[in-house]
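Single-structure report; data block below.
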Ligand code: PMV
């Protein structure tokens, strides 16, 4: 048994935007995905976590700072349950002492709005718990643990830069790794905050309905090609080829979502206006491509030299709508003198 340290651990972890998305699981208890996925960590969308273990095992305190108001709120029972699940998963695997915990968490972006706030939170949480117990673990194993947290895509927030999550055959080989560091390509993700509202259906519930869509087999057919093609486009840093694939992937995922049972409609009217604007900008020679996670917000993907132009056009055409600028970033980090 590892001794209990009551030192506060500070972790920061990025959200990630998937270029090839994860939608549907072939094993929900082990969180094994139907397909490989590929993402970039986001420099402007991060979650910070402060974790302190306590001797009193009854203490399960989680305070979340609201992005918009700065108010500190206690986690709801629905938010607490997956945190306790992660804690139990780790305690069991590493035979750790039972303990209570106190967590403070803050996001640099709205949560549950289709910007992967659960990925940044759970990747950070797994890392913080391990560090608090002084468990030293490989990055690969931490991605496996993050995969089994409240958000499968949390696995992709741990490694640096551009990250591939292999669907694998079983628990031990469904992991994520960096295929290129943040400096490999000057891609940007301009998140257009169409809606800061929290979504009603969490991804876990959504994944379980994916197979009911008639379009699910069509998506798998698309992915068989897209997964190879995107590797080539990425190798060549070919934004046109890359962008065409990621936009098709996002529309393919949302087509499944909109036709699964129960149906999931994440887009609103402005989402569609932005998709049309993206097409128009491309016709003017600006290489910008859209992708959308489980929410209404649109991620505009381009290269750094076009970012100012794109932000100016969006703020003129969509007044009052905020944007968040992101470059590729490192993955989860422990702040201070602890390290893996
Ligand atoms: O990681 P989860 O279980 O919250 O699922 C999220 C899946 C999407 O964000 C919709 C797509 C992806 O691959 O990030």
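The values are calculated or read from the model by the stated rules, or taken from the named source; none is laboratory data. All values derive from a computational prediction rather than experimental measurement. Virtual Cβ from ideal backbone geometry, glycine too; neighbours counted across all protein chains shown.
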Contacts under 6 angstrom Cβ, first residue in the range 11-35 being on the phi > 0 side of the Ramachandran plot, partner more than 9 Å from the ligand (Cβ to nearest atom), 6 or more apart: 24/34; 24/210; 31/148
Some residue of the range 54-63 being over 16 Å from residue 163 (Cβ atoms), away from the ligand (no atom under 15 Å from the Cβ), in contact with a helix residue (DSSP H, G or I) (Cβ under 8 Å, 6 or more places away or on another chain) and part of a strand (DSSP E or B): yes
Answer residue from the range 34-53, given it is in contact with a strand residue (DSSP E or B) (Cβ under 6 Å, 6 or more places away or on another chain) and within 28 Å of residue 256 (Cα to Cα) and is surrounded by the most Cβ atoms within 10 Å (Cβ to Cβ) among those: 41
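Within the range 135-142, does at least one residue satisfy the condition of being crowded, with 21+ Cβ neighbours inside 10 Å and closer than 22 Å to residue 162 by Cβ? Step through it out loud before you land on a result.
Start the filter on the range 135-142 by keeping residues that are crowded, with 21+ Cβ neighbours inside 10 Å, which leaves 142.
Within this subset, residues satisfying the condition of being closer than 22 Å to residue 162 by Cβ are 142.
Checked against the condition, which is being crowded, with 21+ Cβ neighbours inside 10 Å and closer than 22 Å to residue 162 by Cβ, the range 135-142 yields at least one hit.
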Subset of the range 7-28 that is more than 13 Å from the ligand (Cβ to nearest atom) and assigned to a strand (DSSP E or B) - its residue that is nearest to residue 260 (Cα to Cα): 26
Count - residues of the range 248-299 that are closer than 14 Å to residue 313 by Cβ, touching a helix residue (DSSP H, G or I) at 6+ places or on another chain (Cβ under 7 Å) and touching a residue at least 60 places away in the same chain (Cβ under 8 Å): 1
Given (1) surrounded by fewer than 16 Cβ atoms within 10 Å (Cβ to Cβ); (2) modelled with pLDDT under 95; (3) over 30 Å from residue 91 (Cβ atoms), number of the condition residue 194 does not satisfy: (1)
Criterion violated by residue 241 - all others in (1) within 19 Å of residue 17 (Cβ to Cβ); (2) touching a residue at least 60 places away in the same chain (Cβ under 8 Å); (3) more than 21 Å from the chain's Cα centre (by Cα) satisfied: (2)
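Does residue 233 qualify as being free of Cβ contacts under 8 Å to residues at least 24 places away in the same chain, part of a helix (DSSP H, G or I) and crowded, with 17+ Cβ neighbours inside 10 Å? Don't jump to the end; show me each part of the working.
Numbers: free of Cβ contacts under 8 Å to residues at least 24 places away in the same chain: yes; part of a helix (DSSP H, G or I): yes; crowded, with 17+ Cβ neighbours inside 10 Å: yes.
Against the criterion (free of Cβ contacts under 8 Å to residues at least 24 places away in the same chain, part of a helix (DSSP H, G or I) and crowded, with 17+ Cβ neighbours inside 10 Å), residue 233 qualifies.
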Options 334, 310; residue that is farther than 19 Å from residue 243 by Cα and surrounded by 14 or more Cβ atoms within 10 Å (Cβ to Cβ): 334
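Just to be sure before I move on: is residue 225 within 18 Å of residue 38 (Cβ to Cβ) and either loosely packed, with under 13 Cβ neighbours inside 10 Å or without any contact (Cβ under 8 Å) to a residue 60 or more places away in the chain (or both) in the structure I sent?
Working: within 18 Å of residue 38 (Cβ to Cβ): yes; either loosely packed, with under 13 Cβ neighbours inside 10 Å or without any contact (Cβ under 8 Å) to a residue 60 or more places away in the chain (or both): yes.
It is true that residue 225 is within 18 Å of residue 38 (Cβ to Cβ) and either loosely packed, with under 13 Cβ neighbours inside 10 Å or without any contact (Cβ under 8 Å) to a residue 60 or more places away in the chain (or both).
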Meets criteria (modelled with pLDDT under 95, out of contact with any strand residue (DSSP E or B) (no Cβ under 9 Å at 6 or more places or on another chain) and within 13 Å of the ligand (Cβ to nearest atom)) for residue 77: no
Residue within the range 93-104 that is within 13 Å of the ligand (Cβ to nearest atom), over 25 Å from residue 172 (Cα atoms) and surrounded by 17 or more Cβ atoms within 10 Å (Cβ to Cβ) present: no
